[in-house]
Amino acid sequence: DVSSPKHGKVDPDNMPHVGGNTWAGGTGGRDTAGLGGKGGPYRLDAGHRVYQISQAEKDAVPEEVKRAAREMGEKAFKQRLKEIQMSEYDASTYERFSGAVRRQVQSLRIILDNLQ
């Protein structure tokens, strides 16, 4: 069961973690920042294969846990904006322009990776 959202521990060796509720950047777990899990405050990709839990499991997360996760995610987002000296307006504007060229940038990255 989910209890409360948290960032989670950072693995200094960046080993893949699947399930559980301990590690930041894990997949398919609960309560921690990661991918494919439930109840975490925000998505955090540590570069490993993603194991996805079912949508039914995600839908079963209690509303108070979802609310706490959203609040924690919003707080982390605002803190990150402050660290990089961006306003919420700047972030919104950046996302609008970035979104318009996202596919082209991804294609260019693939081409450059293949050239290397």
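The values are calculated or read from the model by the stated rules, or taken from the named source; none is laboratory data. The structure presented is a predicted model; accordingly, all values stated were derived computationally and were not measured. Please note: Cβ atoms are built from the backbone with ideal geometry, for glycine as well, and neighbour counts cover all protein chains shown. With ligands, DNA and RNA removed, areas are computed over all heavy atoms of the protein, side chains included. Shrake-Rupley method; radii C 1.70, N 1.55, O 1.52, S 1.80 Å.
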Once normalised by the length of the chain, the mean sequence separation of its alpha carbon contacts under 8 Å that are 6 or more apart gives a contact order in percent of 17 percent
Ordering 86, 15 by the accessible surface of their heavy atoms, 1.4 Å probe, largest first, yields 15, 86
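Counting heavy atoms of the protein chains only and a 1.4 Å probe, report the per residue accessible area for the chain as a whole number of Å². Working shown, then result.
Details: 8560 Å² over 116 residues.
On a per-residue basis, the chain sits at 74 Å².
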Full extension between residue 22 and residue 91 adds, at 0.36 nm per residue less the Cα distance, a length in nm of 21.8 nm
Lysines near residue 58 by alpha-carbon distance under 26 Å, same-chain residues fewer than 8 away left out - which ones?
-> 6, 9, 38, 66, 75, 78
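From largest accessible area down, sort 38, 82; use a 1.4 Å probe on the protein chains. All intermediate terms of the calculation are to be shown ahead of the outcome.
Values: 38 45, 82 150 Å².
Ranking 38, 82 by accessible area, largest first, yields 82, 38.
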Taking the stretch 33-99, which GluC sites (Glu not before Pro) meet the DSSP loop condition and have no more than 14 other C-beta atoms within 10 Å?
-> none
How far is helix 88-115 tilted off the main Cα axis of the chain, in degrees rounded to 10, range 0 to 90?
-> 70 degrees
Carbon and sulfur together cover what percent of the accessible area of the stretch 10-116 at a 1.4 Å probe radius?
-> 53 percent
